[in-house]
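Below: the structure, in structure tokens.
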Amino acid sequence: MNKPTLLLATLSLAFLAACGQKDAPAPATAPAPVAAPAPAPVAENTVGKSVFGRVCAMCHAVGAAGAPKPGDKADWGPRIAQGNDVLYKHALEGFTGAKGQMPARGANATLTDDEVKAAVNYMADQAR
């Protein structure tokens, strides 16, 4: 065999041998962007909800003595605007205002400060 024929035969064998091999993996590409995780759901204020149901609802559910009803934005708005510290103080110590009065600790002296604050948060959050 002459050199050109031998070269052509060698290249042909190499080409045929390569055809039987599996394809090499495609070059790496940039990974697809990962979506930001969804924000965690806000934990339910179970303490506030419980205290509201046991103590606060007696007045606040019906608006007795001027008590703002949960979810009533018109009634809660000015109160919320005063800030949480004022809301907590009125709920803990009691308050007499132009629209009515709030007995200290909702007239339940056994409630802890944290329970009263949780109940205030529960009601105010429904009007935000």
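The residues of the stretch 57-90 that are of a type outside the set (A, V, I, L, M) and in contact with a helix residue (DSSP H, G or I) (Cβ under 7 Å, 6 or more places away or on another chain), listed by number, are Cys59, His60, Pro68, Lys69, Pro70, Trp76, Arg79, Tyr88. Checking each residue in the stretch 71-90 for being without any contact (Cβ under 8 Å) to a residue 24 or more places away in the chain and of a type outside the set (Gly, Ala, Ser) picks out Pro78, Gln82, Asp85, Val86, Lys89, His90.
Residues in the stretch 96-128 that are surrounded by 19 or more Cβ atoms within 10 Å (Cβ to Cβ) and in contact with a Lys or Arg (Cβ under 7 Å, 6 or more places away or on another chain): Leu111, Val116, Tyr122. Going by the structure shown, is Glu93 touching a helix residue (DSSP H, G or I) at 6+ places or on another chain (Cβ under 8 Å), without any contact (Cβ under 8 Å) to a residue 12 or more places away in the chain and surrounded by fewer than 17 Cβ atoms within 10 Å (Cβ to Cβ)? In short, yes.
For residues that are of a type outside the set (Gly, Ala, Ser) and within 27 Å of the chain's Cα centre (by Cα), tally how many sit in the stretch 102-120. Give the derivation first.
Looking only at the stretch 102-120, we keep the residues that are of a type outside the set (Gly, Ala, Ser), and these are 102-103, 105, 108, 110-117, 120.
Narrowing further to those that are within 27 Å of the chain's Cα centre (by Cα): 112-117, 120.
Number of matching residues: 7.
Coordinate-derived values only; no laboratory data. As the structure is a computational prediction, the values presented were derived from the model and not from experiment. Every residue, glycine as well, gets a Cβ built from its backbone with ideal geometry; the counts of neighbours run over all protein chains shown.
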